[in-house]
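Encoded as structure tokens, the structure appears first; notes follow it.
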Amino acid sequence: MSRLEIVLATTNTHKIAEISRFLAPTGHVFRPIGEFPGYIDPEENGETFEANARLKADAAARFTGLEAIADDSGLVVAALGGEPGVQSARWAGPGATQSMLIDKMIARMRGQADRRAYFVTVLVLRRAPGDYLMAEGRVEGQIIDAPRGAMGFGYDPLFVPSGHSKTFAELTLDEKNALSHRTRALAAMLRLMGR
Ligand code: IMP
């Protein structure tokens with residue numbers, strides 16, 4: 001496969017570092033969308049993770065003329081009928097802080113016997129108009145009733161991955177990355193890209 005320039009349709013520095021490091025073996029050059037002045041993020045109004053990843057990849061590819069990779073992720077809680085799901089970032093209203101999201105989750109899960117949940121990431125690589133590769137990664141676990149830990153972000157302090165006793169927020173970044181939904185999606189994408 002020849003060496004390509006691929007735009008990363010995210011301005012999240014953590015995601016940029018993780019994606020470009022993980023996909024480095026492909027030999028392609030990954031350029032964050034922030035290197036392209038004037039780009040405006042599209043509204044994430046899709047009903048699925050895949051739809052949102054695809055619309056971010058489409059927007060970045062159209063703007064730059066390059067291949068584009070985008071991701072969308074969130075937390076899916078069984079007892080809440082799959083909420084917050086694609087609404088994970090906005091579940092407690094626009095601009096909600098991490099503690100607002102955590103407080104809402106604690107309140108909604110109070111008294112729930114079924115604590116099952118999973119984090120999911122969907123990655124979409126747009127190679128050409130209408131030509132996409134899609135990869136998904138999940139990590140199953142449980143929602144606990146009070147937050148623990150100060151690392152990570154989002155819902156990490158309430159999520160204990162299956163087979164572990166610590167929350168994601170009590171794990172180091174390397175420990176979390178070893179089992180995270182995002183890492184699993186990246187590994188699947190790497191296989192699809194032929195490496
Ligand atoms: P994004 O679309 O990947 O930026 O993620 C959407 C939202 O899902 C984030 O704002 C978080 O609230 C939540 N989320 C996604 N991944 C994680 C994670 O690894 N830990 C905690 N929360 C996450």
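Think of it as helices only: each DSSP H run of n ≥ 4 in the chain is worth -39500 (n - 2.57), and spread over all residues that comes to -9000 deg cm²/dmol at 222 nm. Per-residue packing, averaged as other Cβ atoms within 10 Å, sorts the ranges 32-42, 2-12, 54-64 into the order 54-64, 2-12, 32-42, beginning with the highest. As a length-normalised measure over Cα pairs under 8 Å and 6 or more apart, the relative contact order of segment 70-195 settles at 23 percent. Within the straight-line cut-off of under 28 Å between alpha carbons, the lysines reachable from Lys56 are Lys15, Lys104, Lys176, sequence neighbours fewer than 8 places apart in one chain being disregarded. Taken about its Cα centre, segment 123-195 carries a charge dipole of about 360 debye when Lys and Arg each add +1 at the Cβ and Asp and Glu each add -1 at the Cβ. Using a simple spin-label model with pseudo-atoms 7 Å out from Cα toward Cβ, Thr11 and Ala146 lie 3.8 nm apart. Summed over the residues of the chain and divided among them, the accessible surface reaches 49 Å² per residue at a probe radius of 1.4 Å. Residue separation of Ala78 and Glu35 scaled by 0.36 nm, minus their Cα-Cα distance, works out to 11.6 nm of gained length. Remark: segment 5-192 carries a charge dipole of roughly 280 debye about the Cα centre, counting +1 on each Lys and Arg Cβ and -1 on each Asp and Glu Cβ.
The values are calculated or read from the model by the stated rules, or taken from the named source; none is laboratory data. Values in this document were obtained by computation on a predicted structure and should not be read as measured data. Neighbour counts are summed over all protein chains in view; Cβ atoms, including those assigned to glycine, are modelled from backbone coordinates with ideal geometry. Only protein heavy atoms, including side chains, enter the accessible area calculation; ligands, DNA and RNA are left aside. Shrake-Rupley method; radii C 1.70, N 1.55, O 1.52, S 1.80 Å.
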